[in-house]
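Below: one structure, written as structure tokens.
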There are 2 protein chains.
Amino acid sequence: MGERRVIGVLGGLGPAATVDFYAKLVAATPARRDQDHIHVIIDADPSTPNRNEAVAGVGPSPEPQLVGMATRLAAAGAEALFMVCNTAHAYAPAIRAAVAVPLVSIVEETAAATLAATPNARRVGVLAAAGAQDARLYQTEFARYDVSVVEPQGELRERFMALLYRIKAGDPTQDVRSGMRAIALELVRLGAEAVVAGCTEVPLVLAQADMGPVPFISSTDALVSAAVAIGTGARPPLNAR
Amino acid sequence: MGERRVIGVLGGLGPAATVDFYAKLVAATPARRDQDHIHVIIDADPSTPNRNEAVAGVGPSPEPQLVGMATRLAAAGAEALFMVCNTAHAYAPAIRAAVAVPLVSIVEETAAATLAATPNARRVGVLAAAGAQDARLYQTEFARYDVSVVEPQGELRERFMALLYRIKAGDPTQDVRSGMRAIALELVRLGAEAVVAGCTEVPLVLAQADMGPVPFISSTDALVSAAVAIGTGARPPLNAR
């Protein structure tokens, strides 16, 4: 058991996903009183441009805002950084180049959690946003484990993105939930042996209970586990790999 | 409509109450996309000592940690500070003396919200923790409006404090909920015309629906309203009074 560490969170990408992460982090921390918890600092800068548009080359880069959040968190004392957004990890190299504090990768944590949950799976479905797909975040990471990835493509991807924007607009209704479940099941029909919520909006509307016997891995939960382990000193502030 | 402002939050007092505040802040912000939200920075330092013990003189002062959070938030760019803990407002003068950024008072906001909700009430029940009671936070504030305050005293106060510590330990069970409701109703029996959740753990287990026709005012909700108004530029970053 090492030293406890201050956790820095790049948030607001979107805000509801950051709330979900923080709620799960507090609930997952072994604590009987306020003083047992982890020191957490969250910076949620809404001026961060849309990551999917940026990766597609049709919008400004979010790099200045992401580096800004990371820099402020480091200056405030954060000893490990966590970014509650998969797609924004397309800009992880720029953040790592700008700050000395380690940025723990949600993609690496989620892939490791998937392998731990389903060690024999050779093909996984990843509910990743357009930008995360175009940056090949999960394709590249799962390839290291010799696991192939199926993501929503074409019309399925358009439906998926429309659902993400509805969640971001504050509409996690039954309609959105059933739509998300249908897309997840379509990945299973295409051969996925497990489904990964590779976007932090997804766990706001989809859970293991919706997926029956198909293993469901939440990237939010994977990042929470890493944050608790690093914050309590059970693990060094390094990435899973 | 003024300029949007960066909101700084002193959190972790306790952590579940900060999650509750942040969740309600995000939900209450008029927003259709990530970029419509308020820039929020949260610092939750668990090394902050117990505020009730400090006010009672049987524990160390939380002043260094509270000033530390406020100082880091100001350095990170916060333009108005919000502290998600009523009792910690016993140390508001020390925070205000240490940082130039205004600290919005949860006590002033809550009293103003109470007067708005029940303009004719002359006696209100306040579910305030021992430290907030001993520092006379609500007694002093409501006196300005010529409203008297009834708080849990003696054995009732002991039961109330035991419930708060159970909530902080992560136990918001039905047992805790019914215990809290019983204490609130006891204040009504003692003449309270409205009940104020003057502790941010209370709204985690008690809501208007539990109180029937008796007006219930949540200090968390009052602080959220102030944060949204100030963050969106609808109100200057000043206290209610």
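The values are calculated or read from the model by the stated rules, or taken from the named source; none is laboratory data. Fair warning: this is a prediction, and the values are worked out from it, not measured in the lab. No Cβ is skipped: glycine too gets one built from the backbone with ideal geometry, and neighbour counts run over all protein chains shown. Ligands, DNA and RNA are stripped out before the accessible areas are found, and what is left, the full protein with its side chains, is counted by its heavy atoms. Shrake-Rupley method; radii C 1.70, N 1.55, O 1.52, S 1.80 Å.
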Considering residues of region B:53-69 that are away from chain A (no Cβ under 12 Å) and part of a helix (DSSP H, G or I) only, the residue least open to solvent (accessible area, probe 1.4 Å) = B:LEU66
ask   = If you go through region A:158-193 one residue at a time, how many are open to solvent by 20 Å² or more (accessible area, probe 1.4 Å), more than 14 Å from chain B (Cβ to nearest Cβ) and in contact (Cβ under 8 Å) with a residue 40 or more places away in the chain?
value = 4
query = Looking at B:SER219, B:SER225, which is the one that is more than 14 Å from chain A (Cβ to nearest Cβ) and touching a strand residue (DSSP E or B) at 6+ places or on another chain (Cβ under 7 Å)?
reply = B:SER219
note = Going through region B:7-24 in order, the residues found to be within 15 Å of A:ASP20 (Cβ to Cβ) and of a type in the set (A, V, I, L, M) are B:ALA16, B:VAL19, B:ALA23
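If you scan region A:1-44, which residues turn out to be in a loop (DSSP other than H, G, I, E, B), facing chain B (nearest Cβ under 8 Å) and open to solvent by 20 Å² or more (accessible area, probe 1.4 Å)? Steps first, please.
Within region A:1-44, the subset in a loop (DSSP other than H, G, I, E, B) is A:1-6, A:12-14, A:29-33, A:37-39.
Subset that is facing chain B (nearest Cβ under 8 Å): A:12-14, A:29, A:31-33, A:37-39.
Answer for region A:1-44, where residues must be in a loop (DSSP other than H, G, I, E, B), facing chain B (nearest Cβ under 8 Å) and open to solvent by 20 Å² or more (accessible area, probe 1.4 Å): A:ALA31, A:ARG32, A:ARG33, A:HIS39.
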message = Here are the criteria: (1) within 14 Å of chain B (Cβ to nearest Cβ); (2) surrounded by fewer than 24 Cβ atoms within 10 Å (Cβ to Cβ). Tell me which single one A:ARG96 does not satisfy.
response = (1)
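Would region B:194-203 turn up any residue that is of a type in the set (D, E, K, R) and open to solvent by less than 40 Å² (accessible area, probe 1.4 Å)? Explain how you work it out, then say what you get.
Just the residues of region B:194-203 that are of a type in the set (D, E, K, R), to begin with: B:201.
Now narrow it down to the ones that are open to solvent by less than 40 Å² (accessible area, probe 1.4 Å): B:201.
Yes, the conditions are met somewhere in region B:194-203.
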ask   = Does B:GLN133 fit the bill of being modelled with pLDDT of 95 or more, open to solvent by 30 Å² or more (accessible area, probe 1.4 Å) and either among the polar types (S, T, N, Q) or closer than 22 Å to B:GLY11 by Cβ (or both)?
value = no
task = Quick one: count up the residues across region A:70-89 that are more than 15 Å from A:ALA129 (Cβ to Cβ), within 13 Å of chain B (Cβ to nearest Cβ) and in contact (Cβ under 8 Å) with a residue 12 or more places away in the chain.
result = 8
query = Taking region B:78-93 on its own, how many of its residues are outside any helix (DSSP H, G or I) and either open to solvent by 30 Å² or more (accessible area, probe 1.4 Å) or at pLDDT below 95 (or both)?
reply = 1
